[in-house]
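Shown next, in structure tokens, is the structure this report addresses.
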Amino acid sequence: MYLSHFGLSELPFGITPDTQFAFAANAHQEALNTLLVAVGSGEGFIKITGEVGTGKTLLCRRFLAALGDEYVTAYLPNPYLEPRTLLLALAEELGIALERYDYQFHLVKALNEALLEFARRGKRVVLCIDEAQAMPIESLEALRLLSNLETEKRKLLHLVLFGQPELDARLANPAVRQLRQRIAFHYRLEGLQRGELDLYLAHRLRVAGYRGDGLFAPGAVRLLHRASGGIPRMVNILAHKALLCAFGEGKQLVAARHTRRAARDTEEVRLPWWRIW
């Protein structure tokens, strides 16, 4: 691989969400601030949407890491579950014994009692659901009913839905209009702006051990943003392939032609070939 060639200690443009490489882009920081303010003010439902690859999972991990000791957190990465299984998954995340809960009624009752116990101990419970656009309507309604439990001062369960834009279409269903009305805070996550891309590349390279001057030529960065649309996952895929191209030629600088080859080799590139050229 090209690590020693460019003086890197690890791959700088992996597509697995890694908080070590988290970059505080404007959109991500605004979304994180929205989440912290919403939870701090006691809101029950919060929604974050964004296209594939905009960094919703990474944002979720940053958000959970930013919460203090007064919060108890649960994370469900795969919510494509029928209501009872979803509640079982939540109970397991909260450390509730499951052996004797054969019926959904008893399960909901146990969850309610656990939430009340957390509240008596001064704890707030936050449930983050990733890929929420995949949730069945019945499961969304089950969560709404569970969120009804509250004290005189605040909600006992804060639910944060992370999903693709299809989540908005699912929430437009009249069957979940009560849930939709309860979403007081929401944010639409966008990609990197052109002015942020240089900083994004430099940040990831620095975390990966690079200590030289700019590794990507200005033309390569412009083409990288144009071909990726600013979507971080696409930026990482194209930047990785461009580094491979430069390494293959024995070059220490990634030029526009290397990015162009990377774009030609990537099916998900948004722009037609004549604009990339």
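What follows draws every value from the coordinates through simple rules; no lab data is involved. All of these numbers come straight from a predicted model, not from anything done at the bench. Counting neighbours? That spans all protein chains shown, and the Cβs are built from the backbone with ideal geometry, glycine included.
Listing for the model above:
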read-out	value
For residue 72, residues with placed amide H under 5 Å, excluding near neighbours	124, 125, 126
Candidates per GluC sites (Glu not before Pro) in the range 118-211, loop by DSSP, up to 14 other Cβ within 10 Å	152
Packing-based exposure ordering (other Cβ within 10 Å, fewest first) of 37, 126	37, 126
Phi-based couplings in Hz for the range 259-269 (Karplus 6.51, -1.76, 1.60; Gly and Pro marked x)	5, 5, 5, 4, 5, 5, 8, 10, 5, 7, 4
Efficiency of FRET from Cβ geometry, residue 52 and residue 244, R₀ 30 Å, rounded to 0.05	0.85
Least to most buried among 128, 60 (fewest other Cβ within 10 Å first)	60, 128
Radius of gyration and Dmax over the Cα atoms of the range 26-189, both given in Å	14.9, 48
Mean separation of Cα contacts under 8 Å, 6 or more apart, over the residue count of the range 26-189: relative contact order %	40 percent
Pair-distance profile P(r), taking every C-alpha pair of the chain, with 10 angstrom steps and integer %	6, 26, 27, 19, 14, 7, 1
At R0 = 22 Å, FRET efficiency that the Cβ-Cβ distance of residue 104 and residue 70 yields, to 0.05	0.15
Acute angle (nearest 10 degrees) that the helix 218-228 long axis makes with the longest principal axis of the chain, alpha-carbon atoms	40 degrees
Expected 222 nm ellipticity per residue - DSSP helices of 4 or more, -39500 (n - 2.57), all of the chain, to 500	-14500 deg cm²/dmol
Within the chain, longest stretch free of exposed trypsin sites (Lys or Arg not before Pro) [DSSP loop, at most 16 other beta carbons within 10 Å]	1-99
Helix axis angle, 232-249 relative to the chain longest principal axis, alpha carbon, degrees	30 degrees
Within a Gaussian network of the chain (alpha carbon springs, distance under 10 Å), most fluctuating of 174, 218, 165	174
Calculated FRET value between residue 173 and residue 37, using beta carbons and R₀ = 35 Å, to 0.05	0.80
Pairs from 109/155; 56/123; 47/155 whose Cα-Cα separation, in the structure shown, is over 19 Å	56/123
Burial ordering of 51, 113, fewest other beta-carbon atoms within 10 Å first	113, 51
Gain in span if fully extended, residue 5 to residue 222, counting 0.36 nm per residue against the direct Cα distance	75.7 nm
With Cα atoms, 0 to 90° folded angle of helix 83-93 axis to the chain main axis	80 degrees
